[in-house]
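J.: Provided herewith is a single structure, encoded as structure tokens, for subsequent inquiry.
Each reported figure results from applying straightforward, stated rules to the coordinates on display, with no laboratory input. For clarity, every value in this text was computed on a predicted model and none was experimentally measured. Ideal geometry is used to build each Cβ from the backbone, glycine not excepted, and the neighbour counts take in all protein chains shown.
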């Protein structure tokens, strides 16, 4: 997950390339409003687009998080041995509800063994690499995004807003 510091670092790198180190005496770039609107703002969106195309999540603290949608894999993330054990347990405890899984030491042991298993770890990584990224971005706002200055019950939404952007 990247944040504002990585975006800021890339902006500084682009400014250094563009201006070739031309700073004022205080060591700061002299940019007026027009230059910021012309260069900096589009660069921010380009950086966000590049990171989203790579499948990274972008989090701007206390404002919002952008996540690239991914297609869920139909393939199991466990090795053959542990997948077979889980299927057998599900078959034997069919119809007993969630309590058969949550309170069962046998099921917990199977899951812990699967977490420790190197074959399961390798398969999980392989499945994660083959996941297809969808052309959709999900924007989740933070709790205090909609409040301004003093927080009031009127301005605070009940849930965070999920907005999907299509390409």
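J.: Whole number please: convex hull volume per residue, Cα atoms of the stretch 51-113, in Å³.
T.: In the stretch 51-113, the Cα convex hull volume per residue is 177 Å³.
J.: Based on the alpha carbon coordinates of the stretch 80-128, what radius of gyration and maximum Cα-Cα distance (Dmax) apply, in Å?
T.: 11.9, 33
J.: Assuming 0.36 nm per residue, please report the length gained on full extension of the stretch residue 84 to residue 142 beyond their Cα-Cα distance.
T.: Computed gain between residue 84 and residue 142 is 16.8 nm.
J.: Related question: For the stretch 1-148, rounded, prolate or oblate, judged on the Cα gyration tensor with a ≥ b ≥ c (square roots of eigenvalues), a/c < 1.5 rounded, else prolate if a/b > b/c?
T.: prolate
J.: Which of 40, 110 has the fewest other C-beta atoms within 10 Å, and how do the rest follow up to the most?
T.: Least to most surrounded, the residues fall as 40, 110.
J.: Give me the number: length gained by fully extending residue 64 to residue 103, i.e. 0.36 nm times residue separation minus the C-alpha to C-alpha distance, one decimal in nm.
T.: Value of the extension gain: 10.3 nm.
J.: To the nearest 0.05, how large is the calculated FRET efficiency for residue 74 and residue 46 if R₀ is 30 Å and r is the Cβ-Cβ distance?
T.: Using R0 = 30 Å, I get an efficiency of 0.30.
J.: Sort 92, 147 by Cβ crowding within 10 Å, fewest neighbours at the top.
T.: Least to most surrounded, the residues fall as 92, 147.
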